[in-house]
Amino acid sequence: MRDRVRERRERVPVVVQGRGRRRTGARVLWVCAETVVTCGVVVLLLVVHQLWWTNQQARAEAREQVTVLERAWAISPPGGGESPPVEGGVVGEVEDVGEVGEDGESELPGDGDLAGGSAGGGGAVSGRDRARPAVPDSRAFAILRIPRLGLTAPVARGISKRSVLDKGYVGHYPGTAGPGLPGNFALAGHRNTHGEPFRYINRLRPGDEISVRTRARTYTYRVDQVLPRTAPRDVGVVRAVPRSLVKPSYGYDDPGAYLTLTTCTPEFSSAYRLVVWAKLVSTA
């Protein structure tokens, strides 16, 4: 009997910790799950902001600007008040228009970098043109309408992302001709986000009409050629007589009054550029 009592006293109690380990593991999994869900919600909110909210803001601002222009023109009819300088001719005479790449070559702007630093645009210009840069004025001066797409958008000077394109406006390349004038009236616009005015210009076909209204008159262009894809460095498409430097079968040989629309392709990418050319057919 005494031996049994001694054996019980000498036994070392064993503590089982299996339940505690299970609780710790469950807590770790719960924290990880909360972190993943939180990150997912943040990413979702960013996507909603970029793809939906920026469109709502930019479209509202663009519609308001169109209304402001039309009211101003109704109060001050053609011949009254000061005409926009761009209608008087070319804003400078640049040889290349667009962003400057790492190797020093010019690039057409894209949705990821549309474009240049100043409000007047950020084209790459020659030495003689730096002495007389385009006026840094990003106010809208025209209204672009494309009936086939149901598009109405204000046109502003320059291709600055912050002061022009992110507002839902269409940007006028510095150094290209004014609307209705001989040369190339070249425009850029977002394909995705910030109003995305040029999202569906890939649907345009030869014969479709495009109008550009200014205070003085309305110019009607007819779509003539569509270049589905070209390189960002293909600055030939916005020159006075537009012709692709990458795909020379696209473009023109003779001077004329051209309209050029440029944007990114494919959608949600700035890898290539989509180009639409139209020719002036009437002035009213």
> Can you spot a residue in the stretch 163-178 that is modelled with pLDDT of 95 or more, among the polar types (S, T, N, Q) and either crowded, with 24+ Cβ neighbours inside 10 Å or touching a Ser or Thr at 6+ places or on another chain (Cβ under 7 Å) (or both)?
Replying inline: yes
> What number of residues within the stretch 198-236 are over 22 Å from Val246 (Cα atoms) and among the acidic types (Asp, Glu)?
Replying inline: 2
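Select, from Ser211, Ser160, the only residue that is under 17 Å from Ala278 (Cα atoms) and among the polar types (S, T, N, Q). Talk me through it step by step, then tell me what you get.
Details: Ser160 fails: under 17 Å from Ala278 (Cα atoms).
Result: Ser211 is the single residue among Ser211, Ser160 that is under 17 Å from Ala278 (Cα atoms) and among the polar types (S, T, N, Q).
Based on this model, can you work out whether Leu187 counts as among the hydrophobic types (A, V, I, L, M, F, W, C), modelled with pLDDT under 95 and buried (at least 24 other Cβ atoms within 10 Å of the Cβ)?
On the way: among the hydrophobic types (A, V, I, L, M, F, W, C): yes; modelled with pLDDT under 95: no; buried (at least 24 other Cβ atoms within 10 Å of the Cβ): yes.
Considered against the rule, which asks whether it is among the hydrophobic types (A, V, I, L, M, F, W, C), modelled with pLDDT under 95 and buried (at least 24 other Cβ atoms within 10 Å of the Cβ), Leu187 comes out as no.
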> Residues of the stretch 196-213 being touching a Ser or Thr at 6+ places or on another chain (Cβ under 8 Å) and either on the phi > 0 side of the Ramachandran plot or among the hydroxyl-bearing types (Ser, Thr, Tyr) (or both), which ones?
Replying inline: Ser211
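The values are calculated or read from the model by the stated rules, or taken from the named source; none is laboratory data. Worth saying up front: this structure is predicted, and the values here are computed from it rather than measured. Ideal geometry is used to build each Cβ from the backbone, glycine not excepted, and the neighbour counts take in all protein chains shown.
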